[in-house]
Structures are given as C-alpha cells and as structure tokens.
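Have a look at the structure below before the remarks.
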Amino acid sequence: MRYQITGKHIDIGEALQTHVKNELGGVLEKYGQRPTDANVIFSKSAHEFVCETTVHLSSGLNASAKAHATEIYAAFDECTEKMDKQLRRYKRRLKDHHKDRVEPVEHFGAASYILASEPESAEAEPESLQPMVIAEMETKIPSLSVGEAVMQMELAGAPVLVFRNEKKDGVNVVYRREDGNIGWIDP
C-alpha cells in the first residue's frame, strides 16, 4: 500500500509517519480491506491540528475521515477511530459488493464547475442571466450500482454523489435529504 503523508505548513517527522503507517495499516488489516493507497494530510487551524485521511480501496470505493484536536497525534488517532467506525459499519456491505464485483470500479471523465453565488442584495440586477464560473476542473464519475453509490457517498461523507448506473447505463444521482433519508434520481 502507498502512503502519502503530508503537512500543510507543518513539518511531519519520521516518528509521526511511522505511527500513521502502523495505526492506519492495523485498522485496514483488521477489516480485511485491500487498500491501494492512503492520503493523510495534517494542517493547523488556529490552535487545533486537523487530520484528513482518505483511503482508496481496490474495489474503487473511497473511505474518508476528518478530525480536530489540540495535539497532532490525538487528531490522527481520532481520525483513525472514525475510519475504523466507518469500515466496521460497512464491513458486511463492502464484502457483499466485493464478491459481486470482479473488476474495479470504472471511472469516466467529466467537467465540474463552481458557480458564483447570487448577489447579497435582492435589488441588485445582474448584468446577464448567465452565472459566473469561478472554477472549471476535471472530475471522475464512477460506474456503480445504486447500493454501492449510497455506500460510497456515506463513506466519503459527501452530501451528493453523481454516478453512472451499471444496470441502466445512465447517469444517476444519490443525495442525503433534509429528513435524513437518501434520495435517488434516475432520469
């Protein structure tokens, strides 16, 4: 497994890197996952350290966790506990989906845009009806079943996931509704 351990404006020592590899490797080994790589990013926000961890599994799914603490090791340990909880919660579902899936998840390229928000004042008339594009970038759309898409969205902690439905060969969306349930858009 490949580890990428970085710090934003923080020096990451060899002892912390060894601790990350041992602890995160132990969690992933405990649940029998086959991770391909892990990205761990440490940063500092005011007086707290922030640890963000993303693990890419061989099935194509991603698990991510984020934690804050006043000590850098405590932030990583809390982040590892969240990752452990996620993988424990989805262990059976991950195993069931993995048995059905022989090939890794396919990803298709797509464009992703970030649009400017509406003006603060309702009285201000926009110059044109076209929204202003702030950023344009490439993104990947996975080819998943609906169950895998819901699991991927929950593992990543994302509010919405756009995916290509394997069964119907069309683009679908799953999202978390305000009432706590999961919504599925199948055009």
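The values are calculated or read from the model by the stated rules, or taken from the named source; none is laboratory data. This structure is a prediction, so every number in the text was calculated from the model and none was measured. Reconstructed Cβ throughout: ideal geometry from the backbone, glycine too, with neighbour counts over all protein chains shown.
A few remarks follow.
- Residue match in the stretch 105-126 (condition: in a strand (DSSP E or B), farther than 29 Å from residue 21 by Cα and modelled with pLDDT of 80 or more): no
- The residues of the stretch 171-184 that are part of a strand (DSSP E or B) and either free of Cβ contacts under 8 Å to residues at least 24 places away in the same chain or aliphatic (A, V, I, L, M) (or both), listed by number, are 171, 173, 174, 175, 176, 182, 183.
- Residues in the stretch 148-187 that are charged (D, E, K, R) and over 21 Å from residue 82 (Cα atoms): 164, 166, 167, 168, 169, 177, 178, 179, 186.
- Qualifying residue in the stretch 80-94 (condition: aliphatic (A, V, I, L, M) and at pLDDT 90 or above): no
- Check on residue 53, of a type in the set (S, T, N, Q), outside the structural domain of residue 157 (by TED's automatic domain parsing) and modelled with pLDDT of 80 or more: yes
- Count of the stretch 154-170 residues which are buried (at least 16 other Cβ atoms within 10 Å of the Cβ) and either without any contact (Cβ under 8 Å) to a residue 24 or more places away in the chain or not in a helix (DSSP H, G or I) (or both): 6
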